[in-house]
Amino acid sequence: MAVRSVKQSSSPPSPASERAGAVFASVQHVESLARQRGDALRCTPQVSRDELVRTAGELAQLAEYLNQISASRNQFLSKVAHELRTPLTIAKGWISMLCYGELLPGQERIVSVIEQQIDDLTRLVNDLLDLSRHESGALELRLECIDLVSLVQQVAEHQRELTSLKGIQLIVVAQTPQAYACVDRGRVAQVLNNLITNACRYVPHYDHGRVELIVNCTETTVQVSVRDNGIGIAPDDLPRIFEPFYQIDGRRRGKSGLGLTVAHELIRAHGGSLTVESVPGKGSTFHIWLRRVDPATLPVSQSKEAGM
């Protein structure tokens, strides 16, 4: 069973759709080959040594082909995201200029909706770029030793103005005075903002909605948890919650389905992990686990960054 390349249409409507069609067709082709090989092995009562060797070679070909598909997908996502950035920046600039002008009440509502949609699309573009960089190994982290208790408090202060407008309580519970880790400050803040925003979509608005940021640590680990009292996540959905573009059936409050994926991969890039536990009807808790460091044992330069 040889792995063949999938021919692309000779007259595609656009380069982007051509690349997308090639990627999707390639995935379908590999799935078809895998199913055919699996069916053949199941129907074979006894497998000879030569058959096993041939199967191993075919699996190696499939693995190589999947790597090529993955690289092609990353290039496609990166290209599309970069091409969208310029028009979005221009649109955001014009909308900002309109906001400074005199608008009629009806026009203010229209401009506000347009601005919100531009912001949502900009976040999607940034998520696509982050995911593409991570999967291609091009994601760079600017590591520094920081106090995560302080960072959590800063993020909460920034988010509290937005959550208060929705009648949601945002509370920081620091179970330790300080908790140091070597992380990229901006990336961890991005993850926290993402988890808080996600929690606020599913907690009651103006009806005792509550989001807690809890910082705790052991001798080797710092744990930052984002707990809410929202609608929760069903057990069947929990194993797939960090998959790209995965959205729970019946929920329309989410966006692209990439936010949790990006958060998960950013924490993994730090050598940590992001886990979730949930009880339907009672809420969800996302746990960030990072390696704890002692600033006193770091080189002088890093100790200065930590405020020592």
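For the stretch 143-297, the alpha-carbon coordinates run over 50, 30, 23 Å along the three principal axes, in decreasing order. Fully extending the segment from LEU84 to SER150, taken as 0.36 nm per residue of separation minus the present Cα-Cα distance, adds 20.3 nm. Residues ASP50, ASP237, ASP119, arranged from fewest to most other Cβ atoms within 10 angstrom of their Cβ, appear as ASP50, ASP119, ASP237.
With the cut-off at under 17 Å, measuring from each backbone N in the stretch 118-150 to a point 7 Å along the Cα-to-Cβ line of THR197 picks out 118-132. Shape summary: the stretch 57-204 maps onto an equivalent ellipsoid whose semi-axes, from the alpha-carbon gyration tensor, are 33, 28, 14 Å in decreasing order.
Each label point was placed 7 Å from the Cα along the Cα-to-Cβ direction; for ALA91 and LEU59 their separation is 4.6 nm. Annotation: extensible slack from ILE114 through THR220 equals 33.5 nm (criterion: 0.36 nm per residue apart, minus Cα-Cα distance).
Coordinate-derived values only; no laboratory data. Values in this document were obtained by computation on a predicted structure and should not be read as measured data. So basically every Cβ, Gly included, is an ideal-geometry build from the backbone, and we count neighbours across all protein chains shown.
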